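Q: One structure, as structure tokens, below. Some questions next.
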Amino acid sequence: MSVIAAVGMQWGDEGKGKVVDILSEFVSAVVRYAGGNNAGHTIKVGDSKVILGLLPSGVMRPGCRCILGGGMVIDPLVFLEEIGKVRALGIKAGPDRIFIARTAFAVLPIHRELDGLFEDHQGAGRIGTTRRGIGPAYQDKVGRRGLRMADIVDRDALAGKVEAIHAFWRPMFERERRSLPPFEETVEALWSLRGDIEPFLADTTAILHDEIRKKSNILLEGAQGTLLDVDHGTYPFVTSSSASIAGALSGTGIGPLSITGVIGILKAYTTRVGEGPFPTEAPPEMPARIRDAGGEYGSMTGRPRRCGWLDLPALTRSVRINSVSSLALTKCDVLTAFSEIPVCVGYEVNGKLSHDFPIAGLDRAVPVYEPWPGWKENISSVRELGDLPANLRRYIQNIELKTELPVTLISVGPARNETIVVKNPFR
Ligand code: IMP
């Protein structure tokens with residue numbers, strides 16, 4: 001039995017969807033543990049491509065149970081839309097294999113409104129959120145007035161909670177002279193979905209404990225990345241959930257000793273969407289080149305991603321926070337044809353070199369780079385580590401050396417088969 005968590009090491013968009021899709025062939029269940037449809041996991045199977053915000057990436061494997069864990073915030077309409085998209089590809093997506101935690105929280109129309117309102121209000125200090133209502137939904141959760149998914153099928157709980165949420169935020173709408181949709185409309189819209197949602201509701205923690213008792217393989221799928229984690233990221237420019245391994249525990253109800261491994265997923269370079277510090281962000285001509293080659297546009301919002309170089313101090317910090325046991329390196333093909341690839345190996349802070357990521361003083365820290373020689377060969381058809389260009393092998397070995405971890409999966413193109421699996425964590 002293996003219970004493996006797949007966690008993003010950077011600012012999200014590391015290619016977790018593809019890695020989870022590949023590994024889900026070997027598991028009984030895939031569980032999304034945090035976030036909502038701010039995530040966008042792109043999965044390519046044959047000629048079909050699907051972008052999922054809520055459904056675990058294992059949904060494309062018919063034998064795999066897919067769980068939306070209690071740490072998530074779920075927009076019920078988006079959930080039903082995604083079920084439709086997957087079914088349109090001929091894949092079974094019924095309540096016999098897809099389960100929503102009763103305890104997960106719902107994203108309501110008012111949360112989307114609030115997300116936009118906060119962002120517009122902040123002007124230059126805005127976070128650059130996805131405006132999907134994620135932050136406000138988590139605010140209501142920790143404010144102890146949130147609407148759980150199970151409340152959608154209980155008329156009194158539904159009406160009472162929606163009314164309380166609207167009452168709480170009404171003064172802000174009035175102050176901003178924005179109109180708040182009548183709460184009865186929200187109640188009726190959600191009540192009309194109860195028949196579609198109810199069959200998917202389950203005690204997902206009990207399902208997982210049962211799978212663990214049966215010694216099944218389980219994959220815990222992270223969303224976003226450690227540098228966007230509400231506790232460990234570049235606060236306040238973060239998402240509102242625990243994207244790191246901590247969220248894999250609280251968001252599923254699995255205890256720490258049940259997790260047998262953590263696979264840290266990183267891109268061969270770095271990207272970030274939205275505002276906030278990004279010390280290794282590259283000068284404008286390089287992002288354009290990477291953005292085109294790597295398709296670096298937000299999969300849910302279409303926003304161009306900011307692009308930059310690999311940051312080893314940040315990576316090492318993420319590795320330690322998450323107790324990572326092996327690494328998956330994605331999008332190596334995007335760096336092909338760069339004659340030289342800078343890699344950040346440390347930071348100069350107050351004239352002193354440090355190999356730690358200066359999370360609390362990023363504005364005063366200057367990245368220090370080592371240049372790495374690039375490669376020219378097209379690598380998309382390579383399936384053996386030894387067949388990769390020597391300079392790419394050295395680039396990978398350097399990551400292994402600095403993190404003291406093996407790189408066990410290397411992605412050389414977007415398709416499922418464009419992957420070198422050095423070691424499968426489930427075998
Ligand atoms: P929110 O999660 O929509 O509140 O956005 C907060 C920050 O996290 C913003 O900078 C977003 O761009 C970023 N973010 C949220 N989800 C993702 C993701 O899946 N990939 C990359 N960035 C994300």
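Q: Out of segment 98-118, which residues are crowded, with 19+ Cβ neighbours inside 10 Å and charged (D, E, K, R)?
A: E113, D115
Q: Residues of segment 376-389 being open to solvent by 40 Å² or more (accessible area, probe 1.4 Å) and not polar (S, T, N, Q), which ones?
A: Answer for segment 376-389, where residues must be open to solvent by 40 Å² or more (accessible area, probe 1.4 Å) and not polar (S, T, N, Q): K376, E377, R383, E384, L385, G386, D387.
Q: Criterion first (hydroxyl-bearing (S, T, Y) and away from the ligand (no atom under 16 Å from the Cβ)) does T130 satisfy it? Quick ask: steps written out before the conclusion?
A: Details: hydroxyl-bearing (S, T, Y): yes; away from the ligand (no atom under 16 Å from the Cβ): no.
In short, no.
Q: Still on this structure, please answer the following. Sort out which residues of segment 8-61 are within 27 Å of A137 (Cα to Cα) and of a type in the set (D, E, K, R), and write them in order of number.
A: Answer for segment 8-61, where residues must be within 27 Å of A137 (Cα to Cα) and of a type in the set (D, E, K, R): D13, E14, K16, R32.
Q: Another question, if that's okay. Out of all the residues in segment 210-247, which are outside any loop (DSSP other than H, G, I, E, B) and within 16 Å of the ligand (Cβ to nearest atom)?
A: E221, T226, L227, L228, G247
Q: Condition (residue is touching a residue at least 60 places away in the same chain (Cβ under 8 Å), of a type in the set (D, E, K, R) and not in a strand (DSSP E or B)) applied to segment 264-272: is it met by at least one residue?
A: no
Q: Still on this structure, please answer the following. Would you please name the residue that is surrounded by the fewest Cβ atoms within 10 Å (Cβ to Cβ), looking only at residues in segment 342-353 that are modelled with pLDDT of 95 or more and in contact with a helix residue (DSSP H, G or I) (Cβ under 8 Å, 6 or more places away or on another chain)?
A: Checked segment 342-353; the qualifying residue surrounded by the fewest Cβ atoms within 10 Å (Cβ to Cβ) is V345.
Q: Hey, another quick one. Of the residues that make up segment 390-404, is at least one in a loop (DSSP other than H, G, I, E, B), of a type outside the set (K, R) and open to solvent by less than 80 Å² (accessible area, probe 1.4 Å)?
A: no
Q: Now a separate question. Quick check on my filter: what residues within segment 115-142 are under 16 Å from R303 (Cβ atoms) and out of contact with any Pro (no Cβ under 6 Å at 6 or more places or on another chain)?
A: G116, E119, R126, I127, G128, T129, T130, R131, R132, I134, listed by residue number.
Q: Also, I was wondering about something else. Could you identify the single residue in K331, K402 that is in the same structural domain as F278 (by TED's automatic domain parsing), touching a Lys or Arg at 6+ places or on another chain (Cβ under 7 Å) and basic (K, R)?
A: Only one candidate passes the filter, namely K331.
Q: Within segment 119-135, which residues are open to solvent by 40 Å² or more (accessible area, probe 1.4 Å) and closer than 19 Å to A167 by Cβ?
A: Result: no residue meets the conditions.
Q: Kindly indicate the residue of segment 99-110 that is under 18 Å from P182 (Cα atoms) and touching a strand residue (DSSP E or B) at 6+ places or on another chain (Cβ under 8 Å) and also nearest to the ligand (Cβ to nearest atom) among those meeting that condition. Full working, then the answer.
A: To start, the set of residues in segment 99-110 that are under 18 Å from P182 (Cα atoms) comprises 106-110.
With touching a strand residue (DSSP E or B) at 6+ places or on another chain (Cβ under 8 Å) added as a condition, the list becomes 106-107.
Numbers: A106: 16, V107: 11 Å.
That would be V107.
Q: Residue under question is A314, and the condition is that it be in a helix (DSSP H, G or I) and surrounded by fewer than 19 Cβ atoms within 10 Å (Cβ to Cβ); does it hold? Break it down into steps so the answer makes sense when it comes.
A: Values: in a helix (DSSP H, G or I): yes; surrounded by fewer than 19 Cβ atoms within 10 Å (Cβ to Cβ): no.
No; evaluated as a whole, the condition is false for this residue.
Q: Hey, another quick one. Of everything in segment 331-341, what is in a strand (DSSP E or B) and open to solvent by less than 60 Å² (accessible area, probe 1.4 Å)? Give them in sequence order. Spell out how you get there, then give the answer.
A: Let us first name the residues in segment 331-341 that are in a strand (DSSP E or B), namely 340-341.
Across segment 331-341, the qualifying residue is only I341.
The values are calculated or read from the model by the stated rules, or taken from the named source; none is laboratory data. Everything numeric in this text was worked out from a predicted model, so none of it was measured. Cβ sites come from the backbone with ideal geometry, for glycine too, and all protein chains shown count toward neighbours. Ligands, DNA and RNA are excluded from the accessible area calculation, which covers all protein heavy atoms including side chains. Shrake-Rupley method; radii C 1.70, N 1.55, O 1.52, S 1.80 Å.
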